[in-house]
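Notes for the one structure printed next.
The values are calculated or read from the model by the stated rules, or taken from the named source; none is laboratory data. In this text the structure is predicted, and so the values were computed from the model without any measurement. Positions of Cβ are generated from backbone atoms using ideal geometry, with glycine treated the same way; all protein chains shown enter the neighbour counts. Note: accessible area is taken over every heavy atom of the protein model, side chains too, but ligands, DNA and RNA are not part of it. Shrake-Rupley method; radii C 1.70, N 1.55, O 1.52, S 1.80 Å.
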Amino acid sequence: MSVVRGFVFEEDHAVTPIPFTRFCVDVLRAKLTPGQRVLCLVAFDGLEPRDLEGEERESARRIFGDVDVIPPEARAVLVAVCGARGGKTYVLCALRLLHLALTVPLTSLAPGEVASGLIVAPDLRLARQCLRYAIGAAKVTPAIAARIISDSADGFVIQREHGQTVAIEALPATRGGSALRGRSLVGAVLDEAAFFRDEDYAVNDAEVFKAVAPRVMPEGQVIVASTPWAEGVGLLYELFHANHGAPRTAIAAHAPTLLLRNDARTRAMVERERERDPDNAAREFDAQFMSAGAGLFFDPSALDAAIDRAALLPLQHVPSSVVAAGADFAFKSDSSALVMARFEEDGVYRVVDMLEQRPERGKPLVPSKVVAAFAEVAKRYESTSVIADRHSEEAIREHLATHKLQLVPAPDGLAGKVETYTRARALLLEGRVRLPDSPRLLNQLKAVTRKVTAGGSMTIASPRRGGSHGDLVSALVLALASLPSVDVEPWMRNRVVKGKTLKLGRPKNIPKEHAA
């Protein structure tokens, strides 16, 4: 006879932690869809795919590949490539971590040591969302709510049967692996791992994984779950393709949205997106990795080829050279950035200086001080104007005027952004741009994405990471837009740009398909 007592499962006098699926149904009173149940039975409850029957066995093949048995050494890690709105964050991340916090044996802890369960996401907002799912499920379940001894916006602490405690915490991936070490972990959730970046925009999912994996206690688990990004990029892709259909170091699950949640509302949502944007639907709902380079605006190989590792900023000013100042002004949540670019005799566009100022939490930047710092750099290169978008236009114009600089508004709207970014992309493809060896600038450039809408227009976006929103990229693109085209008359090459935007043009020898 089977009996559930607390969080252990008693059967024939043997006591084991309650399986996850029983925990969801019998303790949390949560419902699992058929697809979620199959994934959880195999990935969390130790069931072998070959032991499933009928539709569940077919679902297991779709999720895990043609696998009959999961090797024990693979069960410590689950890598799940999931479609959006399928229950990934709630079921696979939040509820599973709560289950681990209540059931993983704590016998290896030192006296007084507190075990931890970590939720790591691209930023703290997303990590807290997963945390809220976990603490919400805990608080509505009397048997668990009675064990919560403290809670805050960033975590809560559960007391186990013998007085030992487990703290579930939310952390942003921007803090990297250093914040995750020195803990004994019942489990760790890396939610939306394909989008982990540090403060310099560098992909740091592998660093985070290496920090947590060795610290997970016996019977604990690391869960790497995400909607996918590009082929060949990051830990999610590497772990999944190394293990799907042949698990060795991890259980690899492929779980499109409609496999995890196939109700009428979800089907309608997926079909709407499939009609509006098939490429986005394939990634977001069918959980397909983008082919290499697809969706990325700037070609990664062209960016790597543009790096001048011998150039140490700031570069010396060449009198009477054509130099432009591009700026992106922000003061509260995002950084302000300035990029100075020079048009050289051989038709090369060279970054000669950069400056970025980042706001601190609760301490926004002061516009007058930002403009003063930027003006000092611009005037060092004899610039008389700064090109920027119309954000806080009148205030920026007044502050610049005190330094005898003019504000040149960037081309307006979506069309203007596409025009300036497209020209920068074309210059890079032709090999006419020289960039400094700046990881922050290069990683921001490599993170810019493009998407063609149903009407044929294009949107260009930069992810927000570490208090920045592609600000250096925006400043660089505007600086390049202010410089002459490569086919200008020779007399223009030695003319300083004064207070106006020169005519934008597509560089020579760039195929139209690359400039669109």
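Points worth noting:
- The stretch 242-314: C-alpha gyration tensor shape, a/c 1.5 cut-off, then a/b vs b/c: oblate
- Accessible surface ranking for Met354, Met458, 1.4 angstrom probe, highest first: Met354, Met458.
- Restricting attention to the chain, close to 50% of DSSP beta bridges with both partner residues there are antiparallel.
- Relative contact order of the stretch 229-280, defined on C-alpha pairs under 8 angstrom at six or more residues apart (%): 16 percent
- Other residues whose C-beta falls under 12 angstrom from the C-beta of Val104 contribute a net charge of +1, scoring Lys and Arg +1 and Asp and Glu -1.
- Between Arg248 and Asp308, the FRET efficiency estimated from the beta carbon spacing at R0 = 56 angstrom works out to 0.85.
- Using R0 = 25 Å, the C-beta based FRET efficiency linking Val114 and Ala206 works out to 0.40.
- The chain, helix-only ellipticity at 222 nm - DSSP H runs n ≥ 4, -39,500 (n - 2.57), divided by all residues, nearest 500: -9000 deg cm²/dmol
- Residues with amide H under 5 Å from that of Gln288, placed H, sequence gap 5 or more: Arg283
- Percent of alpha-carbon pairs separated by more than 24 Å within the stretch 18-174: 37 percent
- For the chain, the longest principal axis of the Cα atoms and the long axis of helix 367-380 meet at an angle of about 50 degrees.
- Alpha carbon centroid spacing (whole Å) that separates the stretch 201-280 from the stretch 314-361: 38 Å
- For Val352, residues with placed amide H under 5 Å, excluding near neighbours: Met340, Ala341, Arg342
- The solvent-accessible area of Asp45, taken with every protein chain present and a 1.4 Å probe, is close to 40 Å².
- Helix 34-43 and the long axis of the chain differ in direction by around 80°, with both axes built from C-alpha atoms.
- Cα gyration tensor shape of the stretch 292-406, rounded if a/c is under 1.5, else prolate or oblate by comparing a/b with b/c: oblate
- Extension reserve of the Ala395-Ala415 stretch, reckoned as 0.36 nm per residue once the Cα distance is removed: 4.7 nm
- The stretch 199-331 shape via C-alpha gyration tensor axes, a/c threshold 1.5: oblate
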